[in-house]
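Enquirer: If you scroll down you'll find the structure; I have some questions about it.
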């Protein structure tokens, strides 16, 4: 058993609200976590890769429905909720409304204003990081084989690693290496079962 399997998980108190296709959340705040199920073939492949992990990580059963995670960060001039996320072009900003055609949930954490500020500083630290194209596959292989397989190129992370680093500012203490967190882990930790 690897050392990080001995870590105790701590998740700040949180609530999960679901938004089916066509329904939009208008009151998310900085530091809220957004978990998304895209209706694409690539998204289905990510979900399938995570679902394979249920064989070796049964606690993920019911939490592999999603394929993406993002963090709420501010509002634009029209008061639209803005997100920060790791996407194909690396760190990106977009509106939460961009996901109105997808199933998503918003996880709101009970925390102080100082913790939210710390989370936003953690988010800003990821602004020049690239997307980890190889990282997801390496994390799946690592989870299935219980090895320390690494697959990255330069300074790169995937969406769920970005979210984990941000949420650590809110008080999250993951029970595995933050660089190995998948979207299904975030759903499991916050109780976002679908």
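Values quoted throughout were computed directly from the atomic coordinates according to the rules given, and no laboratory measurement underlies them. Only a predicted model underlies this, so the values are computations on that prediction, with no experimental measurement involved. Please note: Cβ atoms are built from the backbone with ideal geometry, for glycine as well, and neighbour counts cover all protein chains shown.
Enquirer: Rounded if a/c is under 1.5, else prolate if a/b beats b/c, else oblate: with a ≥ b ≥ c from the C-alpha gyration tensor eigenvalues square-rooted, which is segment 26-73?
Expert: Oblate.
Enquirer: What percentages, rounded to whole numbers, describe P(r) for segment 59-115 computed over all alpha carbon pairs with 5 Å bin width beginning at zero?
Expert: The percentages, shortest bin first, are 4, 14, 21, 24, 20, 12, 4, 1, 0.
Enquirer: Something else now. List 86, 168, 120 from most exposed to least, where exposure is judged by having the fewest other Cβ atoms within 10 Å.
Expert: 168, 120, 86
Enquirer: Where the centroid of each part is defined by its Cα atoms, how far is segment 160-194 from segment 66-133 in Å?
Expert: 14
Enquirer: Would you list 67, 27, 130 from fewest to most Cβ contacts within 10 Å?
Expert: 27, 130, 67
Enquirer: Counting other C-beta atoms within 10 Å, which of 194, 38 has the fewest, and how do the rest follow?
Expert: The most exposed by this proxy come first: 194, 38.
Enquirer: Another question about this same structure. What full-extension length gain, to one decimal in nm, is calculated for residue 168 and residue 26 as 0.36 nm per residue of separation minus the Cα-Cα distance?
Expert: So the chain would gain 48.7 nm between residue 168 and residue 26.
Enquirer: Report the normalised scattering of segment 35-133 as log10 I(q)/I(0) at q = 0.13, 0.16, 0.21 Å⁻¹, calculated by the Debye formula with identical scatterers on the alpha carbons.
Expert: Calculated log10 I(q)/I(0) at the listed q: -0.56, -0.84, -1.24.
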